[in-house]
1. Return the residues of the stretch 158-196 that are in a helix (DSSP H, G or I) and touching a Leu at 6+ places or on another chain (Cβ under 7 Å); say none if nothing qualifies.
2. Provide a single number: the residues in the stretch 272-307 that are touching a residue at least 60 places away in the same chain (Cβ under 8 Å) and either part of a strand (DSSP E or B) or surrounded by 17 or more Cβ atoms within 10 Å (Cβ to Cβ) (or both).
3. For residues that are of a type in the set (A, V, I, L, M), in contact (Cβ under 8 Å) with a residue 24 or more places away in the chain and out of contact with any helix residue (DSSP H, G or I) (no Cβ under 7 Å at 6 or more places or on another chain), tally how many sit in the stretch 88-117.
4. Output yes when any residue across the stretch 5-17 is surrounded by 10 or more Cβ atoms within 10 Å (Cβ to Cβ), at negative phi and without any contact (Cβ under 8 Å) to a residue 24 or more places away in the chain, and no when none is.
5. Among the numbered criteria (1) in the same structural domain as Met136 (by TED's automatic domain parsing); (2) buried (at least 17 other Cβ atoms within 10 Å of the Cβ), which single criterion is violated by Met216?
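The values are calculated or read from the model by the stated rules, or taken from the named source; none is laboratory data. Bear in mind the structure is a predicted one, so any value in this text is a computation, not a measurement. Using ideal geometry, Cβ is built from the backbone for each residue, glycine included, and neighbour counts are taken over all protein chains shown.
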Amino acid sequence: AGDIGMITAGRLPRRKRGGGAVPLVRTQGPVGHGGYLDPSVMPRYADPPGGVLLNANNKVTPPGFPFAIAADWPPPFRARRLADLLAGDRPDPITPQMDIHSAGAEELLAFALAQLDDVAGRRPLVRTLERWDGAMDRRQRAPLAFMFFALNLKRAIFADDLGDPIDRWHGLRIQAVVRALTAGQPWCDDQGTADRVETCADAVVRALDDTARDLMGLDRELGRTAIWGDVHVARFEHPVFRHLPVVGDWTTVEVATDGGNDTLNRGAMWFGRKDAPFAHRHGAGLRALMDLSDLDGSRFVIATGQSGNPLSPRYRDLADAWRDGQTLTLETIPPEAGDVLKILPKD
């Protein structure tokens, strides 16, 4: 059926020292670079045995690759989930794009809840997290509970060791938390208490207590039981009119969405924004499914709408379709066209 391949595009400097992530002091050694790596040494893959090539922002370099491409790779959760989906019956192409299962949440909860004894394990919040299937569904409460819990657990483990920088160490840091839980007492012990040595179970219980308070506070604020879609909202502001009172709100498109930082249907958040830490701030603004055997059968959708004119009925007509995984075709020749005029060069 043909060949498939994946290459690492772009020019990579052949650095004399360091990986390029931080500035270097010239007096401490050579700096700069001597040209660029030959494209032939860059990571590339062709026709793998399983017939599948994938990437979800995960590490692309093989073990032992001698050159620095990036200092920090995103966790492998999205790539792992995509590999699992493609390992079974091949789904409709839109299915992986819209998948909202959080492999990161699954991993963190497996390690965290295992720390609890039978008494702590009977808490209603623990049962909610245990029964959750890991889907970051906007209509459910469990994803909201997990997000509060993950942030609170990170703080319970690391805040006493890091101090104020903990507030600038954004994100859930699932891999770091899991490593701390498996390492045991050194990280979980609270350095601020001299009369006792806290365990990882203590840190998990403290995070559960903080999560229960966070959920109750949000419930009181909303006047009802809060769910993930109450706080995970994609907000599209007009680049100009957003600065104007009244008009800015009128031209803003908002839609509650599924997903999270490590789901294939990416609904990434910026936790540094204290006013709305769970707002959906990064994701796929355009989805495209290219059918190379029939390009007219390719499917597309964009966020917001088909028009950039706020007065147009098409200004926000695709917001829900984009959120829900619906797509449109863009035929090169509309089926209702009665005649086709072809203008060809004389030669």
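1. Taking the stretch 158-196 as the starting set, the residues that turn out to be in a helix (DSSP H, G or I) are 158-162, 164-168, 174-183, 185-188.
Hits for the stretch 158-196 are Ile174, Val177, Val178.
2. Number satisfying all stated conditions: 7.
3. 3
4. Within the stretch 5-17, one or more residues are surrounded by 10 or more Cβ atoms within 10 Å (Cβ to Cβ), at negative phi and without any contact (Cβ under 8 Å) to a residue 24 or more places away in the chain.
5. The number of the failed condition is (2).
Residue-wise test of (1) part of a helix (DSSP H, G or I); (2) polar (S, T, N, Q); (3) assigned by TED's automatic domain parsing to the domain that holds Ala207; (4) loosely packed, with under 13 Cβ neighbours inside 10 Å.
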{"site": "Gly34", "(1), (2), (3), (4)": "no, no, no, yes"}
{"site": "Gly51", "(1), (2), (3), (4)": "no, no, no, yes"}
{"site": "Lys59", "(1), (2), (3), (4)": "no, no, no, no"}
{"site": "Asp92", "(1), (2), (3), (4)": "no, no, no, yes"}
{"site": "Pro96", "(1), (2), (3), (4)": "yes, no, no, no"}
{"site": "Leu116", "(1), (2), (3), (4)": "no, no, yes, no"}
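Yes/no per residue for (1) farther than 27 Å from Arg273 by Cβ; (2) exposed (fewer than 15 other Cβ atoms within 10 Å of the Cβ); (3) in contact with a Lys or Arg (Cβ under 9 Å, 6 or more places away or on another chain); (4) among the charged types (D, E, K, R):
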residue: Ala159; (1), (2), (3), (4): no, no, no, no
residue: Gln175; (1), (2), (3), (4): no, yes, no, no
residue: Asp195; (1), (2), (3), (4): yes, yes, no, yes
residue: Leu208; (1), (2), (3), (4): no, no, yes, no
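Residues checked against (1) of a type in the set (Val, Ile, Thr); (2) in contact (Cβ under 8 Å) with a residue 60 or more places away in the chain:
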residue: Thr128; (1), (2): yes, no
residue: Trp132; (1), (2): no, no
residue: Asp137; (1), (2): no, yes
residue: Ala145; (1), (2): no, yes
residue: Phe149; (1), (2): no, yes
residue: Arg155; (1), (2): no, no
residue: Asp161; (1), (2): no, no
residue: Pro165; (1), (2): no, no
